[in-house]
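Peer 1: Mind having a look at this structure? Questions to follow.
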Amino acid sequence: MDLVFTICIVAAVMAVIIGMVFVALKLINKDGNATTKYDERQKRVRGEAYKYAFFAVIISNGLLMLTNIFGEAFESLGYNIFFVPIFVGIVVHVSICIFKDAYIGLNTNITKFMIFMFFISLLNLGLAVRAIVMNELIVDGKIQPPFLNLMCGSLFIVLGFELLIKMFIDKKED
């Protein structure tokens, strides 16, 4: 009975989060559409960025396997280690897209998008700080799931700074 209740609660929370993301996407885009529109050049650049991100994930996975073969270097990370290559791929993809003007869609309101990124960063970093304060980030020498919140919050801050740098570069060129 407890397992069924837990599964129902998790499913309900996931449904609410998915709904919130859908509403946020509709609010971020200027035309109220949940999908972002890109021109042909942006689509081509995004395709190339996906290719480089894929190779970055493969290479970082290979490096992690090699370091794990030759020692227990990342034992304290637990299953969090599996997310490191994913974050590497995201950084590669988004960085390429940002600096080649293929990240922000034709119908995206950049101000609302930046506010949304800032909110996601604060939410994740807040959860990580809570875990640090409650001594729940590291338990028995193992890094716990809130570490992913720390990684995600940091990732959004880095990408937000990249967007600001790109906006500054574009203004300077004009």
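The values are calculated or read from the model by the stated rules, or taken from the named source; none is laboratory data. Given the structure is predicted, the values throughout are model-derived calculations rather than measurements. So basically every Cβ, Gly included, is an ideal-geometry build from the backbone, and we count neighbours across all protein chains shown. Areas reflect the complete protein model, heavy atoms only, side chains present, ligands, DNA and RNA absent. Shrake-Rupley method; radii C 1.70, N 1.55, O 1.52, S 1.80 Å.
Peer 1: Which is the longest run of the chain containing none of the chymotrypsin sites (Phe, Trp or Tyr not before Pro) found in DSSP loop states (not H, G, I, E, B) with at most 14 other C-beta atoms within 10 Å?
Peer 2: With chymotrypsin sites (Phe, Trp or Tyr not before Pro) excluded where exposed in loops, the chain gives 75-174 as its longest stretch.
Peer 1: Ignoring ligands, DNA and RNA, what percent of the 1.4 Å accessible area of the chain is carbon and sulfur?
Peer 2: Ligands and nucleic acids excluded, carbon and sulfur reach 75 percent.
Peer 1: For a quick check, take a GNM of the chain with Cα springs below 10 Å and name the residue from MET151, MET14, MET117 with the largest mean-square fluctuation.
Peer 2: Largest GNM mean-square fluctuation: MET14.
Peer 1: Each label point is 7 Å from the Cα along the Cα-to-Cβ direction; what then is the distance between the points at CYS8 and ARG44, in nm?
Peer 2: Simple spin-label model gives 5.5 nm for this pair.
Peer 1: Please compute, over every Cα-Cα pair in segment 1-100, the percentage with a separation greater than 16 angstrom.
Peer 2: It works out to 73 percent of all Cα pairs.
Peer 1: Between ILE110 and GLU136, what FRET efficiency follows from the Cβ-Cβ distance if R0 is 45 Å, with the result rounded to 0.05?
Peer 2: Efficiency computed from Cβ-Cβ geometry: 0.80.
Peer 1: For the chain, what is the Kirkwood hydrodynamic radius in Å, using each pair of distinct C-alpha atoms?
Peer 2: 18.6 Å
Peer 1: Where in the chain lies the longest segment free of GluC sites (Glu not before Pro) that are both loop residues by DSSP (not H, G, I, E, B) and have at most 15 other Cβ atoms within 10 Å?
Peer 2: Within the chain, the longest run free of exposed GluC sites (Glu not before Pro) spans 1-71.
Peer 1: Let me ask something else about it. Comparing ALA15, ALA49, ALA24, which has the greatest mean-square fluctuation in the GNM of the chain with Cα pairs linked when under 10 Å apart?
Peer 2: Highest fluctuation among the options: ALA15.
Peer 1: Averaging sequence separations of C-alpha pairs under 8 Å and six or more residues apart, then dividing by the length of the chain, give the relative contact order as a whole percent.
Peer 2: The normalised contact order for the chain reaches 24 percent.
Peer 1: Stretched out fully, how many nm does the piece from PHE119 to ILE165 gain, at 0.36 nm a residue minus the Cα gap?
Peer 2: Extra length available between PHE119 and ILE165 comes to 14.6 nm.
Peer 1: Within the set LYS37/LYS142; LYS30/LYS100; LYS142/LYS166; LYS43/LYS142; LYS100/LYS142, which residue pairs have Cα atoms separated by over 32 Å?
Peer 2: In this structure, LYS37/LYS142; LYS142/LYS166; LYS43/LYS142; LYS100/LYS142 exceed 32 Å between Cα atoms.
Peer 1: Let me ask another. Measure nothing but the geometry: give the 0 to 90° angle between the long axis through the Cα atoms of 146-173 and the longest principal axis through the Cα atoms of the chain, rounded to 10°.
Peer 2: Result, in degrees: 20.
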